[in-house]
Structures are given as C-alpha cells and as structure tokens.
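Below is one structure, written out as structure tokens, with a few remarks after it.
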Amino acid sequence: MTVDASVRPVPTTRAYRFELVKLFATWRIRLLVLACWLAPAVFVAAVSRQSSLPVDTLFGRWMNATGWAGPLVMLGFAGTYALPLLTSVVAGDVFAAEDRLGTWRHLLVAVRSARRIFAAKALASLTVILLLVAGMAVSSTAGGLLAVGNRALVGFDGHLLTPGDAAAKVLLAWVSVLAPTLALAGIGLLGSVLWGRSPMGLLLPAVVALAMALAQLLPLPVAVRLALPSYAFVAWNGLFTDPGQLGPLLIGVGVGLAWAVAA
C-alpha cells in the first residue's frame, strides 16, 4: 500500500493527545492514578496516628510529630519499590500493546510518521508517569499535614527545620527523584521497543532498578555508584543536613537525566 507523498503526517501534538487518551482509556492506568492520588494520604494519615511508628525507615520516627515526615517516608518507599513498578507498567508496555493488539499498521496509516508516533508515545508515557509521581507527593503531604499538622521537622543531624524550610526541601526531594524516574522510563520505552509483546519489556525497568539497588549496597567504587541513576533515589538525604550536601544530589540528578536521554 502506498501513501500519497503530498499528504502531510499528523502533527505530533495531535498524535500526543491521541496517545494520552488511549492510555487513560485503560482501566490499569485509571487505577494507578486513583491509587497514587488517594492511597498515600490514607497510609500516611493512618500510620501517623499509630503509637508504633516505622522507626527503621528515614523520618519514620517523626511521623506523629510533624506532617512533613510522611511524604519523606513515602518517598523512600517510592524510590525503592513504587516508581520502578510504575515505570514498568506505563512505559514498559506503551509500544508492546500495539504488538499484542496488532494495530501498528492502522497507526502508521493514520499518523504517517514513525518518528512522530515514537515521540507521541514517549511524551504520553512521561506525562502519565509525572502525574503519578505528583499524585504520590501531593497525597502523602496532604495526609501528613491533615493528620499531624504543619510543624517543624528534625533533620538528619538533629537540627530543626522550620515548617517553611521543611516544605521547600520536601518539594525539592520529590522533584529530584524525577530524574532517575525518567531514566527508568527511558529504559522501559527501550525494552518495549526491543522486545515487543514479550513480558521482558514490561519487566525491564523493575529488574534494572532492583539490580542497581543491589549494586548500591555492594562495596563498589564511589564512581561506579555515582554513575547509576538509582543514586538520586537516596541523594536527596543531603537536603536535610546542616549544611546541606547538594553536590551528590546534583550529580545524581545529572546522571539520571543522562541515562534518560541515552535510553
């Protein structure tokens, strides 16, 4: 089948809106959005009201003292488990779904540009992932503030952060993990393209995240650990020391963005 060369490809913006509608039309994405915008608030509020707190987690012991501890506890959990799984479900399946449904031919005829299809799918996937991360941040913060209140937060070295300082640093901490999340999303897109309908594409971001988390625990050279995008999932801890340790955080964010572009 030949396509008339005078017919221009569909603009990327229209293809992006179409891919976004397709993603939100699936029950899986709708369920993830609902869970990310509601579940963290319920979890943080419920735990903050308990007498026994998760003292083995970062800032867990302060969850019943200030509402700003809740989103940091949730951030530690998200970097280890939730964000790799979210990127797997969204980015790891965006191209493979067309293989399973056999709709590539219809999509190519409709858009008439493979590059624009790739750009639209990548942008739609990243939009959904950013929406999920924002939901977790906003929901966990709201749950903590409503359950405990806007109070001062104790930093890693024992210094006290005012509610305003705590709010700013909690926001920066959540923003900083977007870089490694985008890196995992890029890996998911790569796996979805390479493996097609195979489940390996869907599992690739989670498997890579697990391998990098294990690598951070091994006695590897510092340069190797810094070169992994997963380092930014823990580098935000430097925001809560006095003085703040911003160097490792900036390195982690830069490495995460570099991995995202490369993938």
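Quick check: the angle from helix 246-262's long axis to the longest principal axis of the chain, C-alpha only, nearest 10 degrees? It is inclined by approximately 10 degrees. Sequentially through segment 14-20, phi angles give Karplus couplings (6.51, -1.76, 1.60; θ = phi - 60°) of 5, 5, 5, 4, 5, 5, 5 Hz, Gly and Pro residues having no value and appearing as x. All Cα-Cα distances of segment 112-263, cut into 5 Å bins from zero to the largest, leave 2, 9, 14, 18, 18, 15, 11, 7, 4, 2, 1, 0 percent in each bin in turn. Dipole of segment 12-262 computed with +1 at Lys/Arg Cβ and -1 at Asp/Glu Cβ about the Cα centre; of ALA213, GLY135, LEU146, farthest Cα towards the positive end is GLY135. The amide H of ARG151, built 1.01 Å from its N in the peptide plane, has GLY67, TRP68 as neighbours under 5 Å, considering only residues 5 or more places off or on other chains. Simple point charges give the picture: +1 on the Cβ of Lys and Arg, -1 on the Cβ of Asp and Glu, and for segment 12-262 a dipole about the Cα centre of about 940 debye. Modelled spin-label separation between VAL261 and LEU123, with each label point placed 7 Å from Cα along the Cα-to-Cβ direction: 1.9 nm. Computed over the chain, the alpha-carbon pair-distance distribution with 10 angstrom bins reads 7, 27, 31, 21, 10, 3, 1, 0, each value a whole percent. So how tilted is helix 114-147 from the main axis of the chain? Cα-based, degrees 0 to 90, rounded to 10. Result, in degrees: 20. Computed extension gain for GLN245 through LEU172, at 0.36 nm per residue and net of the alpha carbon distance, reaches 25.0 nm.
Helix-only mean residue ellipticity at 222 nm, the chain, DSSP H runs n ≥ 4 weighted -39,500 (n - 2.57), per residue, nearest 500. What is it? Don't skip to the answer; put the middle values down first.
Numbers: 13 runs with 177 residues, N = 263.
Taking each H run of at least 4 residues, the total per residue is -21500 deg cm²/dmol.
Between the Cα long axis of helix 178-195 and the first principal axis of the chain there is an angle of about 30°, rounded to the nearest 10.
Per 0.36 nm of contour for each residue apart, how much would the distance between ARG151 and VAL33 grow if the chain were fully extended, relative to their Cα-Cα spacing? Please report the intermediate quantities before stating the final value.
Details: separation 118, 0.36 × 118 = 42.48 nm, distance 2.89 nm.
Extending this stretch completely gives an extra 39.6 nm.
Here the extension length gained between ARG17 and ALA114 equals 33.3 nm, from 0.36 nm per residue of separation less the Cα-Cα distance. Here the simple spin-label model places points 7 Å from the Cα toward Cβ, and for VAL193 and THR26 these points are separated by 1.8 nm.
Each value in this text was obtained by applying a stated rule to the coordinates, not by laboratory testing. Quantities reported herein were computed from a predicted structural model and do not represent experimental measurements. With ideal geometry, Cβ positions are generated from the backbone for all residues, glycine too; neighbour counts draw on all protein chains shown.
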